[in-house]
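K.L.:
Have a look at the structure that comes next, please.
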Amino acid sequence: MPTKQKALKVLDTYIRAWETQDPDLIVTIFTEGARYHERVLSDPIPDREAIRAYWETKVVQDQADIHCELLNFYVDGDTVIAEWLAEFDDVAQGVRKRMQEVALLVFEGGLIASLREYWASEQVGHLASALGNGNGTG
């Protein structure tokens, strides 16, 4: 059962790994057999190595200039509920996005055994490189 202090440390690590695009850091907070539901109606990412591979593609290759702020978090037994607001460049789509998320994290032995994300995002701008000549006149 995580304490509020331990939960906050894990959440801080998650955010730092995301902002620094560090797949080696993100896997340090998951159990070996962790399940990661990036989209809860799809199959989960099945384990720590698959989580690393997902981050290498989704975060390292497809995102840039990531800023994330933890808004709230709650601890109830082995479950942590976290809410954060993030902005990042979606390099794959050529746009800047804002995303608000609620994540449900279930802990085992101080690490995340299950993470389910519920989020919405919106476009807040275009990337200069996606506009053709970089001056916005594309």
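The values are calculated or read from the model by the stated rules, or taken from the named source; none is laboratory data. What you see is a predicted model, and the numbers here were worked out from it, not measured in a lab. Every residue, glycine among them, receives a Cβ derived from its backbone with ideal geometry; neighbour counts consider all protein chains shown.
K.L.:
Counting just the residues of the stretch 1-56 that are among the hydroxyl-bearing types (Ser, Thr, Tyr) and in a loop (DSSP other than H, G, I, E, B), which one comes out farthest from the chain's Cα centre (by Cα)?
P.N.:
3
Results for (1) of a type in the set (Phe, Trp, Tyr); (2) at pLDDT 95 or above; (3) part of a strand (DSSP E or B), shown as yes or no for each residue.
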residue: 60; (1), (2), (3): no, yes, no
residue: 68; (1), (2), (3): no, yes, yes
residue: 73; (1), (2), (3): yes, yes, yes
residue: 97; (1), (2), (3): no, yes, yes
residue: 100; (1), (2), (3): no, yes, yes
residue: 103; (1), (2), (3): no, yes, yes
residue: 107; (1), (2), (3): yes, yes, yes
residue: 117; (1), (2), (3): no, yes, yes
residue: 120; (1), (2), (3): no, yes, yes
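K.L.:
Mind listing whichever residues of the stretch 63-107 are touching a residue at least 12 places away in the same chain (Cβ under 8 Å) and of a type in the set (Ser, Thr, Tyr)?
P.N.:
Residue satisfying the conditions is 79 alone.
K.L.:
What single numbered condition from (1) surrounded by fewer than 16 Cβ atoms within 10 Å (Cβ to Cβ); (2) in contact with a strand residue (DSSP E or B) (Cβ under 7 Å, 6 or more places away or on another chain) fails to hold for residue 53?
P.N.:
(2)
K.L.:
Which residue pairs have Cβ atoms under 8 Å apart, sit 6 or more places apart or on different chains, and have a first residue in the stretch 38-51 that is farther than 13 Å from residue 112 by Cβ and among the β-branched types (Val, Ile, Thr) and a second that is at pLDDT 95 or above and not in a loop (DSSP other than H, G, I, E, B)?
P.N.:
40/116; 40/117; 40/118
K.L.:
Output the number of the condition that residue 24 fails; it satisfies all remaining conditions of (1) out of contact with any strand residue (DSSP E or B) (no Cβ under 7 Å at 6 or more places or on another chain); (2) buried (at least 19 other Cβ atoms within 10 Å of the Cβ); (3) of a type outside the set (Phe, Trp, Tyr).
P.N.:
(2)
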